[in-house]
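Comments concern the structure below.
Only the coordinates and a few stated rules stand behind these numbers; no lab work does. Keep in mind that this is a model prediction, so the values were computed, not measured. Every residue, glycine among them, receives a Cβ derived from its backbone with ideal geometry; neighbour counts consider all protein chains shown.
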Amino acid sequence: MPDLLIELFSEEIPARMQARAADDLRKRVTDGLVEAGLTYAGAAGFATPRRLALAIEGLTGESPSLREERKGPRVDAPEKAIDGFLRGAGVSRDALEVRDEKKGQVYYATITKPGRPAPEIVAEVLEQVIRTFPWPKSMRWGAGSLRWVRPLHSILCILTDEAGEAHVVPMEVDGIRAGDTTEGHRFMAPGRFSVTGFEDYAAKLKRAHVILDAGERAAHIWHEASNQAFAAGLELVEDNGLLAEVAGLVEWPVVLLGQIDAEFLDLPPEVLQTSMKEHQKFFSVRNPKTGRIERFVTVANRETADHGATILAGNQKVLSARLSDAKFFWENDLRTVRDKGLEGMGAGLAQVTFHNKLGSQADRVARIEALAREIAPMVGAKPDLAAEAARVCKADLQSEMVGEFPELQGLMGRYYAQAAGHDDGVPEACEEHYSPLGPSDEVPSRLVSVTVALADKIDTLTGFWAIDEKPTGSKDPYALRRAALGVIRLVVENEVRINLHKVIQDRIAAPHVVHDLLQFLSRRLEQVLRADGVRYDVIEACFNTRGKVLKDAQKEALELDAPDILDRPFGEYDLFLVAERAKALSSFLKTEEGENLLQGFKRANNILTQAEEKDGVEYSFGADPKFAEDPTETALFDALQAAEAKIATANETEDFTAAMAAMASLRAPLDDFFEAVQINSESQVLRRNRLNLLFTIRKICLQAADLTRLEG
Amino acid sequence: MAETTGKPRSFQEIILRLQSYWADKGCAIMQPYDMEVGAGTFHPATTLRSLGSKPWAAAYVQPSRRPTDGRYGENPNRLQHYYQYQVLIKPSPPDLQDLYLGSLKAIGIDAELHDIRFVEDDWESPTLGAWGLGWEVWCDGMEVSQFTYFQQVGGHDCAPVSGELTYGLERLAMYVLGIDHVMDMPFNDPDAPIALKYGDVFRQTEQEYSRFNFDVADTDVLLRHFEEAEAECDAILGQPADDPKTGHSIVMAHPAYDQCIKASHIFNLLDARGVISVTERQAYIGRVRALAKKCADAFVTTDAGGRAA
C-alpha cells in the first residue's frame, strides 16, 4: 500500500498559527480521503515557519467499486418511462434484467460505480482542503485569487509505492502544479531538491538545515539553552509559551547566551523579563542564588562563520536600547514617588476618563476607597489600611513604566508603593487587587488585598449595571463576567462573609437592577461550584434553602411587585453560605448513607405528596408518638427529635457537615420504618399520623437543603 | 554615484544605495510628496496607486512627521520628523522576499552573518481604511522593515494585491553604521570637506518642532483647519466629473486626497497637543477615514485608477 507525502511551501507562517494548521491539514485531508472510500494506517502533520507537511502511511491504492441494483418500470410500461429509467441509471437497454414479480415482469438495472485510483482522490481532496483551509486570517497576493496565510509557493504531493518509487500526484491549484521537490533553509541551503518519501524528505530537510518537527525544535532549544545557562552557573527561567513561539520562528534553531549590561541589572526582574520577552522573544537566565535575572538567551535561525558573534552583538545592542528606555522610566518614576508620593504620581488620574457616564479614574478611585473602608470589617482588614491601599492602587497607571509596558500595571504599583514608604500589605494590595484575572488565576489572601480587590470589582459591577452596560451574548467589553467571577472566588476562597445585597443596594437605586446583578453573581457561583465537581442539581438544592432568593426572589419581586423581598435577612444573599452548603451536600451524597438517605427522603416525599394531593390537605399537624404502633415507628420518632435539634444547631453555627451528618443518622430508622410499616394503613388515625410523621421528615431535611431538587 | 560594495559610510549613502537598487529592479524612483504626512504610505503613489487594476512599481523617500514622538532631539532614536523609504509593487511579484533581501545586501547587511527573520505583524491604518498581512523584518532582533501585502485600501479590496516595503531609515542606518545616538550619525561622507552629522542638520529643528507641537500650535486654528480641509475635500468631490472649460471628464481625486492628508496631519498635531479625549479620538479617526474612502471611490473611476477605457 502506498504512502502519501504532502508539503505546502509558503512564505513565513505566523508562529502562533502553525501547530493548529498542521493539525487541520491532517484532519481535513484524512477525513476527505476516508469519505471518498480510502483507508490508511497512520497520519502525522508537521509545521515549520515556511511549510505545512503531512505524511500518511499505508493508504489504499484505490477506493472499492460499488454495485447498486435499481428497480425500473414494468416491461409493458410506455417507451418514454423506460427511456427515462435508462437515462437515470446510465445503462443501455440490453444491460437490463427482467424479473417476474407479482404485478408482472419488471426491469432491473445493475449500476456499477467503479473504484477510483488514490491519486485522483488525493488530488481532489487536497485541492478542496487548500481552497477552504481554516486559517484564522488569510490573504490574496499578486494577481491571483487563491487565499492562503501568506503567499503559497509550491506544493509537493507524492505517493510512494511499496517498491519505494515516488509518483507525483497530478494536480494544480491556481497555477501551482504539484511536484516532488522542496526547499531547505532560506539562507543556509538555498535551492530545490526532490524527495521520494517521508523518511527521505525528513532526512534531506535536516541536511538542508531544517528540523521538520516543532517538538524536536523546542526540545533542542530547551536542552541547549539549559546547558549553556548551567555551564555559566545560572538557570533558565521556564516559559513554555515563549518556547513554543520561538520554535515556530526558526527552522534551524541556534541558541545564543547573551549579556545584559551591568547598568540594567538593578531593574526589577519582572521589568527585565517583560521587556526581553515581549519585544525580543528572549528567555531570561537567572542566578539561582540571588534570583536576579543576569543574562538572556536568544534563538537565531542560522549558524554563521563567526559562531553567532555578530548576531549576539546586534541583539545585545537592541536590548540595551530597550532597557535604557525602561531604566529611564524607572528612575523618573522613583523620583516622582519619592518627591510627591504615590498620590502625587496618581494626580493625573483626574484627567483620565474611565467611562463617560462613570467619571474619571480619580472618581473611580474615590468610590473604591469608600467601598474598601466599608467592607474592610467584613473581610477582617483594618479600614484605614484598606482605604490607604485603595487610594493609591491605580496610581501606577500614571507612571512612565506602565505607559510603556501596560502589562506591568499593579506590579509597578507594588514597587512604587514600597519606594513611597507604604507598608502593612499596602504595596501587595497595589499588585494583587487586580486578581483573580480568570478562573485559574491565583486568588489573593492578604486581607488588605482581598478588600481592595473586592471593592474594585464591586465598583465596576455596580457602576456598569447602573448605567445599563451589561454583557450581552459574547460581548463583554468591560470584562464584567471576569469581575463577577473574581468577586465569587474572593468570597468563597477567603471565606468572606459579606452582605453583597446591602453593598449593592446602597449603590444601585432600582430594585430590579439590584436583583439582576445578584442573579448574575449567583450564576458565576454556580460556575465555580460546577468547576469544583459539584453537580448542577446539588447547587440548585442549596440555592433553594435559606439562600433561595437569588433565583426566585427576582421572579417574585416582579410578579408581586413587592420589593420588600429586598429586606430579607443577610444570610439569604450570603454566597459563601450557599457554597459551603453545596460542598457539604455534594460530599454527603457521595457516601453510601447520603445516597440511601436521599432514596428514603424521596420515598417519603412521594408518598406524602401523593396523599396530600389526593386528600387536599397538608399534613402539617405534627405526628403524635402515642399513636406509634411499631417499634420502628417509635425509633423514628426518637431519631427525628434528635436530628431536628442537631440540624437546627448546625444551621445556626453554619456547620453544614454536621447538618448532613444529622440527616445521615435518619437513614437507618427510616429504612427500618419503611420495611416494617404500611403507611396507608386501614386505620385512618394511623395513616394520618404516619403522614404527619413523613411531613416532619420532609421539613427537617429541607432545612439542610432542598432535596426535592436532586436527581436520581 | 554611491559605491555599491563594502559598508556604507553615511546616512545618505544608504539612501542612495536603496534608490539605485530599486531603480535597478525596475521601480520608478519618485520624489517625496510635498505635504506633511505621518508615513510613506500616505504618498498618493502608495495609497491611491495601490487601488485599481493597473500595474505599478515605485520607490521613494518620504519625510514623515509624528508630532507625539518629538523628544527635543534628546532621545537616541525618537524623532518627530524622520525618513521612511517606501517601495510599492503591484501586482506583488512572487520573488518579493528575495528582492527585499537583495536590498539589505545592497546596504551592507550580509545575510551570511546576520539573523534575518520574518515575524508576523499585520498592518492596519484606521485613518486610511486600509489593512494588509505581512511581517516586521528582524535583523538580529531589531525591526528593520515592514513588509505588507495590501488587502484593502480606502475600503476597497486590492486586486491585484500590492506588495509594500517600508524601511525606517534612521533606525536602519544607525544599525548598519553602528551608531548609538541618531544625532551622531554621519549624514554625508565623514571625510567630506564639510562633514555633517544628523544632529547638524536636524537637532535644532527637532527642538523647535517639539516645542511647537507640544505647547504652541494653536489648537483653535488647527480645529478650524481640520473642518476646512474636511469641507474642501467634500466640495472637490462634489463637483460634476465633466469639466465645463475643457469639455473633458476630470475627476479631481488627487486634490481631494490632499485635503485628506491635511486633515490627517492636523489630527496628529491636535493629538500631540493633548486636546483630543479618548472618545473623540475615535470620532476624528473615523472622519479622516471617511475622507480617504471617498477619495478612493473617486480614484477608481479615473484612468490611473484602472477605469475600463
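Output the pairs from A:LYS382/A:LYS502; B:LYS25/B:LYS293; A:LYS646/A:LYS699; A:LYS317/B:LYS105; A:LYS394/A:LYS583; A:LYS281/A:LYS317 with a Cα-Cα distance over 25 Å in this structure; if there are none, say none.
From A:LYS382/A:LYS502; B:LYS25/B:LYS293; A:LYS646/A:LYS699; A:LYS317/B:LYS105; A:LYS394/A:LYS583; A:LYS281/A:LYS317, over 25 Å: B:LYS25/B:LYS293; A:LYS394/A:LYS583.
How many nm is it between the label spots at A:ALA347 and B:ARG71, if each spot is 7 Å from the Cα in line with the beta carbon?
Between A:ALA347 and B:ARG71, the simple spin-label model gives 2.5 nm.
To the nearest 20 debye, what is the magnitude of the charge dipole of the protein assembly as shown about its Cα centre, counting +1 on the Cβ of each Lys and Arg and -1 on the Cβ of each Asp and Glu?
Here the size comes out at about 1400 debye.
Averaged across the residues of B:141-150, what count of C-beta atoms belonging to other chains lies within 10 Å of each residue's C-beta?
Across B:141-150, the average partner-chain Cβ count within 10 Å equals 4.
On a 0 to 90 degree scale, rounded to 10, what angle separates helix B:96-106 from the longest Cα axis of chain B?
Rounded to the nearest ten degrees, it is 40.
Suppose each label sits 7 Å from its Cα in the direction of the beta carbon; what would the A:LYS590-B:ASP98 distance come out to in nanometres?
6.5
Which Cα, out of B:ALA231, B:THR127, B:ALA58, lies furthest along the positive dipole direction of chain B (beta carbon charges, K/R +1, D/E -1)?
Farthest towards the positive pole: B:ALA231.
For B:ASP303 and A:ARG131, FRET efficiency with R0 = 45 Å and r from the beta-carbon atoms, rounded to 0.05?
For A:ARG131 and B:ASP303, the calculated efficiency is 0.85.
Just to confirm the number: angle between the C-alpha axis of helix B:219-238 and the first principal axis of chain B, 0 to 90 degrees, nearest 10?
Tilt relative to chain B: about 60 degrees.
What pairs in A:LYS470/A:LYS590; A:LYS277/A:LYS470; A:LYS137/B:LYS294 have C-alpha atoms more than 29 Å from each other?
Too far apart for the 29 Å limit: A:LYS470/A:LYS590; A:LYS277/A:LYS470.
Using a Gaussian network model on chain B with a 10 Å cutoff between Cα atoms, which of B:LEU237, B:LEU88, B:LEU18 fluctuates the most?
Answer for the Gaussian network model of chain B: B:LEU237.
Could you give the dipole magnitude of segment B:67-122 about its Cα centre, charging the beta-carbon of Lys and Arg +1 and that of Asp and Glu -1, in debye to the nearest 20?
280
Please report the net charge: other residues with Cβ closer than 11 Å to the Cβ of A:ILE679, K and R +1, D and E -1.
My count for the surroundings of A:ILE679 gives +3.
Order of B:TYR100, A:TYR416 from fewest to most other C-beta atoms within 10 Å?
With the sparsest Cβ surroundings first, the list reads B:TYR100, A:TYR416.
Using the crude model of +1 on Lys and Arg Cβ and -1 on Asp and Glu Cβ, and no other charge, please compute the dipole size for segment A:214-303 relative to its Cα centre, in debye to 20.
About 100 debye.
From the backbone phi of segment A:286-302, what are the Karplus-calculated ³J(HN,Hα) couplings (6.51 cos²θ - 1.76 cosθ + 1.60, θ = phi - 60°) in whole Hz, Gly and Pro given as x?
With the stated coefficients, segment A:286-302 comes to 10, 7, x, 6, 9, x, 7, 7, 10, 9, 9, 10, 10, 10, 8, 9, 6 Hz.
What is the sum of charges around A:SER138, taking Lys and Arg as +1, Asp and Glu as -1, for the other residues whose C-beta is under 12 Å from the C-beta of A:SER138?
+4
Report the full-extension gain for the segment A:GLU57 to A:ASP516: residue separation times 0.36 nm, less the Cα-Cα distance, to one decimal in nm.
Gain on extension, A:GLU57 to A:ASP516, equals 159.5 nm.
By how many degrees, between 0 and 90 and to the nearest 10, does the Cα long axis of helix B:11-24 differ from the longest principal axis of chain B?
Helix B:11-24 sits roughly 60 degrees off the main axis of chain B.
Cα centroid distance between segment A:639-682 and segment A:310-367, in Å?
A separation of 63 Å, based on Cα centres.
Given labels modelled 7 Å from the Cα in the Cβ direction, how far is it in nm from B:GLU124 to A:ASP174?
That separation, rounded to one decimal, is 2.3 nm.
Can you work out the Karplus-derived ³J(HN,Hα) for every residue in segment A:497-508? Use 6.51 cos²θ - 1.76 cosθ + 1.60 with θ = phi - 60°, whole Hz, and x for glycine or proline.
So the J values, rounded to whole Hz, are 9, 10, 7, 4, 4, 5, 4, 6, 4, 5, 10, 10.
Going by average Cβ density within 10 Å per residue, which order do the peptides A:308-316, B:218-226, A:64-72, B:242-250 take, highest to lowest?
Sorting A:308-316, B:218-226, A:64-72, B:242-250 by mean packing, highest first, produces A:308-316, B:218-226, A:64-72, B:242-250.
Rounded to the nearest 0.05, what FRET efficiency is calculated for A:SER138 and A:THR472 with R0 set to 25 Å and r the Cβ-Cβ distance?
0.25
State the extension gain, in nm to one decimal, for the chain segment bounded by B:ILE194 and B:SER20, taking 0.36 nm per residue of separation less the distance between their alpha-carbons.
60.2 nm
Contour minus end-to-end for A:THR649 and A:LYS340, with contour as 0.36 nm per residue of separation and end-to-end as the Cα-Cα distance?
Length gained between A:THR649 and A:LYS340: 105.7 nm.
How high is the FRET efficiency from B:LYS105 to B:ASP157, r the C-beta distance, R0 30 Å, rounded to 0.05?
Given R0 = 30 Å and the Cβ-Cβ separation, E is 0.30.
For segment A:416-456 and segment B:77-137, compute the distance between their C-alpha centroids and round to whole Å.
First find each Cα centre; the distance between them is then 44 Å.
For chain A, what relative contact order do you get, as a whole percent, if you take Cα pairs closer than 8 Å and at least 6 residues apart?
It rounds to 7 percent for chain A.
Please give the average number of partner chain Cβ atoms lying within 10 Å of the Cβ of each residue in B:176-186, rounded to a whole number.
Mean partner shielding for this stretch: 1.
Return the average number of partner chain Cβ atoms within 10 angstrom of each residue Cβ along peptide A:278-286.
1
Fewest first, what order do B:HIS114, A:HIS223 take by the number of other Cβ atoms within 10 Å?
A:HIS223, B:HIS114
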